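Visitor: Here you go, one structure.
The values are calculated or read from the model by the stated rules, or taken from the named source; none is laboratory data. The structure presented is a predicted model; accordingly, all values stated were derived computationally and were not measured. Ideal geometry is used to build each Cβ from the backbone, glycine not excepted, and the neighbour counts take in all protein chains shown.
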Amino acid sequence: MTKYDVLVVGGGTSGMMAAISAAEHGAKVAVVEKNKTLGRKLLVTGGGRCNVTNNRDKEEIISHIPGNGRFLYSAFYQYDNYDIMEFFKSNGVVLKEEDHGRMFPITDKSRTILEALIGIMDRLEIAIYAEAPVETLLFDEGKAIGVLLEDGRSIHASCVIVSTGGRAMPRTGSTGDGYKWAKKAGHTIEPLYPTEAPVTSDESFIQEKTLQGLSLRDIALSVLNKKSKKVITHQMDMIFTHFGISGPAVLRCSMFVHQTMKRDKTQEVVMSLDALPDISKGELTQQLQQLIKNDGDKSTKNALKGLVPERYLLFALEKADLDENTPLKQATPEKVTQLIEFIKDFRFTANGTLPIEKAFVTGGGINTKEVNPKTMESKFTSGLFFTGEILDYNGYTGGYNITGAFITGRIAGMHAAEAALALSNGLS
Ligand SMILES: Cc1cc2nc3c(=O)[nH]c(=O)nc-3n(C[C@H](O)[C@H](O)[C@H](O)COP(=O)(O)OP(=O)(O)OC[C@H]3O[C@@H](n4cnc5c(N)ncnc54)[C@H](O)[C@@H]3O)c2cc1C
């Protein structure tokens, strides 16, 4: 029977990096993947272009991992986003930077990243078991010793790294299999929920599709708690859809929609949309007074043209009970105030997000307090390591999730290799 030093379960983003790291640290490594091919999720990332990491400093990266980002500090001190960039560069992959520090392969193809990883795994002679779904992990006296495959075969190893991902986009293979094994090893699974997901709403303007397809650029979107305090605000773009809202600002708010509903024990949460976040209410009031003075004879619609996108303006006028064809100067001060209020603070309710399967990322997962942040090893079962989305951390879109997956993979691979080699040298 072949026995490996390190066995990685899940040949996805973090599993491939964990395997490479373990092999680079001298271990005999195997990867077990249920799909025919490795890295299926990696291929669809970044719209097929793979936003592979982010070119900002540690603190900023961690602040963009709002779900337990602090857990990653120790790992970041051993291997960080700049190391990821250097890793690809030294393996012949040229990366380029786009807005907000987002890094992509210069080819604009995820396949470039995947092929590089597979090439390195080949070179390091990492054994790949493809189309080999793992049924369960094998334990002996509180120690992980291998896996049992669905076809009945078992594979043994000194250390096992579980990199089976979350539950987002299950057609790529991440169906959440690892959670039950972690539970069996004594871990707590924090409730799973969708993050980086479009937000749903029952509001009549959504149900009636009044604004469907309308994009708003550079708006500020906030989630409010039951005391009407802003829990979070994101200034980015958004779009109205047939079920609610989507786009970058919305995806970033989505985790807070769930958290706020849970904290406030409600089925709904109030959101506030500021269509002109770069000017204050006072400045907008002055601007409107100027327009009333200079263009007051024009129809309200024409006088206010360009203030916000036309469809949104018409919606705003309706909400403020202003007739679009009446001269602007006839608008009463109360209605102008109402219009300003709407543009700066349109409030509507959201009742959740699309399900995990349609989210980009899974929130919740293995409680990070139960995992050693320096090594990614389980605090309950020796020789068992966890990496990537299965852990209870989650980042915004922008390269932060792949960064987390690569970094936890790197660290787990390194420490699993050290532990396995120490075992085989009779050191522990
Ligand atoms: C559409 C989409 C786009 C995204 N774009 C980006 C982006 O551009 N940048 C970014 O940072 N993040 C992005 N993400 C998030 C990012 O892809 C994930 O956070 C990351 O891939 C997680 O890595 P992982 O290794 O934990 O899991 P995965 O990459 O999902 O890998 C898990 C692997 O385990 C295998 N597996 C599962 N169960 C078993 C089993 N029983 N036996 C054997 N193998 C098993 C799966 O088949 C899979 O290959 C995106 C996500 C989605 C859904």
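Visitor: Of Gly388, Gly364, which residue is more than 17 Å from Ala19 (Cβ to Cβ) and at pLDDT 95 or above?
Guide: Gly364
Visitor: Here is a follow-up. Any residue in segment 6-21 that is in the same structural domain as Gly165 (by TED's automatic domain parsing) sitting within a Cβ distance under 7 Å of a residue that is in a helix (DSSP H, G or I) and aromatic (Phe, Trp, Tyr)? List the pairs, counting only those 6 or more apart or interchain.
Guide: Going by the 7 Å Cβ cut-off, the qualifying pairs are Thr13/Phe406; Ser14/Phe406; Met17/Phe406.
Visitor: Given the residues Asp237, Asp177, Asp151, which is the only one that is of a type in the set (Asp, Glu) and touching a helix residue (DSSP H, G or I) at 6+ places or on another chain (Cβ under 6 Å)?
Guide: Unique residue meeting the criteria: Asp237.
Visitor: Now for a different question. Would you point out the residue of segment 150-180, among those that are over 14 Å from Ile390 (Cβ atoms) and in contact with a strand residue (DSSP E or B) (Cβ under 6 Å, 6 or more places away or on another chain), that is farthest from the ligand (Cβ to nearest atom)?
Guide: My answer is Ser158.
Visitor: Further, regarding this structure: Just one of Ser74, Ser110 is among the hydroxyl-bearing types (Ser, Thr, Tyr), within 20 Å of Thr375 (Cα to Cα) and modelled with pLDDT of 95 or more; which is it?
Guide: On the way: Ser110 fails: within 20 Å of Thr375 (Cα to Cα).
Just one listed residue meets the conditions, Ser74.
Visitor: Right, next: Kindly establish whether Lys329 is more than 29 Å from the chain's Cα centre (by Cα), basic (Lys, Arg) and closer than 21 Å to Val269 by Cα. Give the derivation first.
Guide: Numbers: more than 29 Å from the chain's Cα centre (by Cα): yes; basic (Lys, Arg): yes; closer than 21 Å to Val269 by Cα: no.
No; evaluated as a whole, the condition is false for this residue.
Visitor: Now a separate question. List the helices (runs of 4 or more DSSP H) inside segment 284-353, counting only whole elements, that have at least 1 residues being out of contact with any Asp or Glu (no Cβ under 8 Å at 6 or more places or on another chain).
Guide: Passing ranges, in order: 310-319, 333-344.
Visitor: A follow-up question, please. Take the residues of segment 30-70 that are among the β-branched types (Val, Ile, Thr), within 13 Å of the ligand (Cβ to nearest atom) and under 20 Å from Gly101 (Cβ atoms): which is nearest to the chain's Cα centre (by Cα)?
Guide: First pass over segment 30-70, keeping only residues among the β-branched types (Val, Ile, Thr): 31-32, 37, 44-45, 52-53, 61-62, 65.
Within this subset, residues satisfying the condition of being within 13 Å of the ligand (Cβ to nearest atom) are 31-32, 37, 44-45, 52-53, 61, 65.
Checking which are under 20 Å from Gly101 (Cβ atoms) leaves us with 45, 52-53, 61, 65.
Numbers: Thr45: 11, Val52: 13, Thr53: 12, Ile61: 12, Ile65: 8 Å.
Here the answer is Ile65.
Visitor: Next up: So which residues in segment 258-275 are touching a residue at least 40 places away in the same chain (Cβ under 8 Å) and in a helix (DSSP H, G or I)?
Guide: His258, Met261
Visitor: Let me ask something additional. Could you identify the single residue in Phe315, Phe243, Phe342 that is in contact with a strand residue (DSSP E or B) (Cβ under 6 Å, 6 or more places away or on another chain) and either crowded, with 17+ Cβ neighbours inside 10 Å or over 30 Å from Gly46 (Cα atoms) (or both)?
Guide: Being in contact with a strand residue (DSSP E or B) (Cβ under 6 Å, 6 or more places away or on another chain) and either crowded, with 17+ Cβ neighbours inside 10 Å or over 30 Å from Gly46 (Cα atoms) (or both) holds for just one of Phe315, Phe243, Phe342, which is Phe243.
Visitor: Across segment 393-428, what is the total count of residues that are surrounded by 24 or more Cβ atoms within 10 Å (Cβ to Cβ) and among the charged types (D, E, K, R)?
Guide: 1
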